[in-house]
Amino acid sequence: MSKLKVGFIGVGKVAELHLAGCQDADSIEIVAGAETDAERLKQLSQTWGFRGYLDYQEMFKREKLDIVCICTPPLSHRKICIQAAESGINILCEKPMALSIEDAEAMIAACHMAGIKFYYGSSYRCLPPCRKAKEIIEKGTLGQISLLFESYVGGSGPETWQGLGLDHYPVGGPGGGGMGLIDHGIHLADVFRWFVGSPVEAVFGRGNYSGQRPRTEYLTMIFESGAVGQLLYNDATFQTNVPYDGVFSEGISWDVSGKPLPGGQWDPQPGCIHVHGEKGALRIYHYANKIYLTDQRGIREIPVQGRPNPGHFGLQMELFAKSLREGREPAVTGEDGLRALQVILGAYECYDTKSIVPFAKKGKAQ
């Protein structure tokens with residue numbers, strides 16, 4: 001069976017992890033990449049053995065692509081997505097899907113009109129501990145889920161803090177640091193709903209704006225099932241973790257600036273998702289590739305199988321390729337990306353209006 005041909009648009013830090021994760025994927029072949037930075041394009045195309053283009057539209061014309069992976073800043077996603085759809089190329093798009101509901105809906109509409117498939121890059125769903133957690137939850141081991149939360153508090157103070165840049169998140173709109181609400185929390189907006197299996201009923205919170213001084217960000221999601229999901233972030237202060245709070249990480253992690261940290265070492269402040277139910281609770285070290293279950297029997301580590309970061313990017317691409325071959329909808333769709341964006345932007349709307357944002361009454365996608 002021939003491999004599906006894949007092209008990348010944008011070959012920055014995240015794209016390089018995608019490339020590393022996909023190197024052993026047997027269902028796809030990375031044949032091309034487009035990047036406006038000529039030096040980086042030359043470096044990455046030589047390292048990974050693909051044909052390089054300075055203009056992605058030229059890549060569309062010259063290459064017979066089955067899939068394009070969009071790894072550019074989110075403001076560019078709408079234009080690239082629509083042009084890829086019109087060129088008949090299936091799309092895997094990095095998070096966040098867009099920076100406005102209007103753009104996300106336009107992307108979905110363009111794909112439906114062109115008859116191509118859109119896979120929203122919710123890579124957390126492919127991390128081995130998250131997949132194991134989903135399996136445990138679906139078996140009923142935890143019973144009814146009541147609470148999910150994640151936090152990241154750390155850094156080296158506001159004077160050394162750096163946002164992700166105005167080219168990534170334009171001034172005045174949602175933005176902030178690499179461990180903030182729009183760039184990081186959007187993962188949890190999707191994976192919490194995936195874990196619970198219930199639509200979000202209402203949200204309240206506060207997010208940072210690009211170009212402004214950072215503040216503490218928070219988001220509470222109220223699910224129709226009765227569960228509550230909470231996020232709390234501040235990457236412009238100082239951590240209170242002590243060395244024994246950490247864990248040995250098997251997979252690549254990230255620092256407060258969004259820089260990848262190598263796996264195979266002690267991580268004093270590992271990313272961690274907590275899920276609490278009526279029968280038990282999970283502590284999920286999603287990048288460190290570990291998961292712990294606590295119930296009436298006590299606490300124990302649950303074995304995890306699969307490829308830690310960046311291997312999950314390869315699994316994500318393989319799942320997309322498999323769905324295309326079988327003529328099925330992708331496991332994670334554009335509608336999933338839209339829902340996650342609605343939840344995150346709901347925090348901004350809530351703070352501006354000083355009121356809880358009800359989703360169902362506003363007719364938002366669930």
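Taken together, the values in this text are just the output of simple stated rules run on the coordinates, not laboratory data. Bear in mind the structure is a predicted one, so any value in this text is a computation, not a measurement. Cβ placement follows ideal geometry from the backbone for every residue including glycine, while neighbour counts extend to all protein chains displayed.
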Notebook entry, point to check: Taking the highest mean first, how do the peptides 14-20, 162-168 order by number of other beta carbon atoms within 10 angstrom per residue?
Noted result: 14-20, 162-168
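Just need the relative contact order of segment 125-301 here, percent rounded to a whole number, with Cα pairs under 8 Å and 6+ apart. Show your work: numbers first, answer last.
Numbers: 395 pairs, mean separation 48.2, N = 177.
So the answer I get is 27 percent.
Between Gln57 and Glu86, what is 0.36 nm times their sequence separation minus the Cα-Cα distance? Round to one decimal in nm. Present the calculation step by step, with values, prior to reporting the outcome.
Details: separation 29, 0.36 × 29 = 10.44 nm, distance 1.12 nm.
Between Gln57 and Glu86, full extension yields an extra 9.3 nm.
What's the ranking of 175-183, 192-200 by average number of surrounding C-beta atoms within 10 Å, highest first?
On the way: 175-183: 25.3, 192-200: 20.8.
Top to bottom by mean Cβ count within 10 Å: 175-183, 192-200.
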Margin query: Positive end of the dipole of segment 125-301, charges at C-beta (+1 Lys, Arg; -1 Asp, Glu), about the Cα centre: which of Gly211, Ala236, Val191 has its Cα farthest in that direction?
Written below: Val191
Checklist line | Total charge dipole magnitude, the chain, about the Cα centre, Cβ charges on Lys, Arg, Asp, Glu only, Debye to nearest 20 | finding: 500 debye
Margin query: Quick check for me: using +1 on Lys/Arg Cβ and -1 on Asp/Glu Cβ, what's the dipole size of segment 55-186 about its Cα centre, in debye to the nearest 20?
Written below: 500 debye
Checklist line | Summed residue charge, Cβ within 14 Å of Val304's Cβ, Lys/Arg positive, Asp/Glu negative | finding: +4
Next item on the list: Enumerate the amide H contacts of Lys95 below 5 Å, restricted to partners 5 or more residues apart or on another chain; note that Pro and chain-start residues carry no placed amide H.
Entry: Gly121
Notebook entry, point to check: Which of the peptides 89-95, 206-212 is most tightly packed, and how do the rest follow, judged by the mean count of other Cβ atoms within 10 Å per residue?
Noted result: 89-95, 206-212
Next item on the list: Search the structure for amide H atoms under 5 Å from the amide H of Phe8, placed 1.01 Å from N in the peptide plane, and list their residues when 5 or more places away or on another chain.
Entry: Ala32, Gly33, Ala34, Cys69
Note to self: Suppose only helical runs count, i.e. DSSP H with n ≥ 4. What mean residue ellipticity at 222 nm does that imply for the chain under -39500 (n - 2.57) per run, divided by all residues and rounded to the nearest 500 deg cm²/dmol?
What the structure shows: -9500 deg cm²/dmol
Check: For the chain, modelled as a GNM with alpha-carbon contacts under 10 angstrom, which of Ile356, Ile222, Ile108 fluctuates the most?
Finding: Ile356
Checklist line | Antiparallel %, DSSP beta bridges [both residues in the chain], to 5 | finding: 60 percent
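For the chain, calculate the relative contact order in percent as a whole number, restricting contacts to Cα pairs under 8 Å that are 6 or more residues apart. Working shown, then result.
Working: 820 pairs, mean separation 71.6, N = 366.
Relative contact order comes out at 20 percent.
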Note to self: When a/c reaches 1.5 or more, the comparison of a/b and b/c decides; with that in mind, is segment 1-134 rounded, prolate or oblate per its Cα gyration tensor?
What the structure shows: rounded
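Charges only on Cβ, +1 for Lys and Arg, -1 for Asp and Glu: so what's the dipole of segment 211-323 about the Cα centre, in debye to the nearest 20? The partial results should precede the final answer.
Values: 10 positive and 11 negative charges, 16 e Å.
In total the dipole reaches around 80 debye.
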Item checked: Restricting segment 264-319 to GluC sites (Glu not before Pro) in coil, as DSSP defines it, with at most 12 other Cβ within 10 Å -> Glu278
